[in-house]
Amino acid sequence: MPDLEVPSTFLKAGARSLLRENAPKVFFASLLFVVLVSIITELQFRLPGTQAAYASYIEQISAGTPHSLGLLISFLNPIGTAFVVLLWLFRRIVGFGLMSYCINLVRIRRSSALDILDGFLFLVKIASILLISSALTLLWSALLVIPGVIASYRYRQAYYILLDDPQKSAMQCIRESKSLMRGNKLDLFLIDFSFVGWSLLSASVTLLTLLFSPISLPVASIFVSPYMGLAHAAYYDTILKKVTA
């Protein structure tokens, strides 16, 4: 399948147009998403069994040890490990809800803030996709970093495929995502890369809020999250239409 050459500038312009057309409703939905993600993030650091582990992990990272999930897990007790896995899943479920909201807005120009909760309707299949795709990516990463990155892009559309047909199994979604992304991974990488500045700005604003608040407040994400979400949803919809045309 040839590269479809979906320009990031075109998709981002469309995303900005949708943000303007649907303000302020889109930002209310984004606020719900950001609040849920913030709660999950705070719990990751503050629940019993995780707080001390994260402190030890950050101490090691500050000393120059490379980031590693295995390193973090080595500091966790069984309760902490269970919390981390559960919150990791919840974060993906909330992210799935944002994907649902954005794809509806891209396709029918109409969404409900309650779409952010759609992930809880597909909890088992989302968990299955997450675990299988993560395991496959980890296996490729064991070879080299670049094969692992390529593998992660290979499975990125699995959640959208599940949204389009909830009857499909997790493995069907993963296989179809692999097929859909053949020859199109570079396009998606360039879209992601074009958002690096926005992601850094969002992270910087979040860190600054810690100077005035005991918890992090990702206020910039209220704009950045739907902006990125709409661009990614438009990308999926574009390549899907071209492949099936």
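The values are calculated or read from the model by the stated rules, or taken from the named source; none is laboratory data. In this text, all values refer to a predicted model and were calculated from it rather than measured experimentally. All Cβ positions, even for glycine, are placed from backbone atoms using ideal geometry, and neighbour counts span all protein chains on display. For the accessible areas, the whole protein counts, side chains as well, though only heavy atoms, and no ligand, DNA or RNA atoms are used. Shrake-Rupley method; radii C 1.70, N 1.55, O 1.52, S 1.80 Å.
A few points about this structure:
- I150 being modelled with pLDDT of 95 or more and within 17 Å of the chain's Cα centre (by Cα): no
- Residue check, S194 open to solvent by 30 Å² or more (accessible area, probe 1.4 Å), among the hydroxyl-bearing types (S, T, Y) and over 23 Å from P166 (Cα atoms): yes
- Test: residue in region 194-206 that is out of contact with any Gly (no Cβ under 7 Å at 6 or more places or on another chain), more than 27 Å from V26 (Cβ to Cβ) and in a loop (DSSP other than H, G, I, E, B): no
- Being touching a residue at least 40 places away in the same chain (Cβ under 8 Å) and farther than 24 Å from D118 by Cβ is a property that holds for G183.
- Selection status of I222, part of a helix (DSSP H, G or I) and either open to solvent by less than 70 Å² (accessible area, probe 1.4 Å) or under 24 Å from V84 (Cα atoms) (or both): yes
- Options L131, L123; residue that is surrounded by fewer than 16 Cβ atoms within 10 Å (Cβ to Cβ), under 25 Å from T50 (Cα atoms), without any contact (Cβ under 8 Å) to a residue 12 or more places away in the chain and within 16 Å of the chain's Cα centre (by Cα): L131
The rows are residues; the columns are (1) farther than 26 Å from F122 by Cα; (2) among the polar types (S, T, N, Q); (3) in a loop (DSSP other than H, G, I, E, B); (4) open to solvent by 30 Å² or more (accessible area, probe 1.4 Å).
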position: Y153; (1), (2), (3), (4): no, no, no, no
position: Y160; (1), (2), (3), (4): no, no, no, no
position: L163; (1), (2), (3), (4): no, no, no, yes
position: S177; (1), (2), (3), (4): no, yes, no, no
position: L186; (1), (2), (3), (4): yes, no, no, yes
position: L190; (1), (2), (3), (4): yes, no, no, yes
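- Residue that is modelled with the lowest pLDDT [pool: residues in region 32-58 that are more than 28 Å from A220 (Cβ to Cβ) and open to solvent by 50 Å² or more (accessible area, probe 1.4 Å)]: P48
- Test: residue in region 89-96 that is within 14 Å of the chain's Cα centre (by Cα) and basic (K, R): yes
- Pick from region 101-120, criterion touching a residue at least 24 places away in the same chain (Cβ under 8 Å) and touching an Asp or Glu at 6+ places or on another chain (Cβ under 8 Å), ranking: surrounded by the most Cβ atoms within 10 Å (Cβ to Cβ): Y101
- Output for region 233-245, where each listed residue is open to solvent by 30 Å² or more (accessible area, probe 1.4 Å) and in contact (Cβ under 8 Å) with a residue 24 or more places away in the chain: T238, L240, K242, V243
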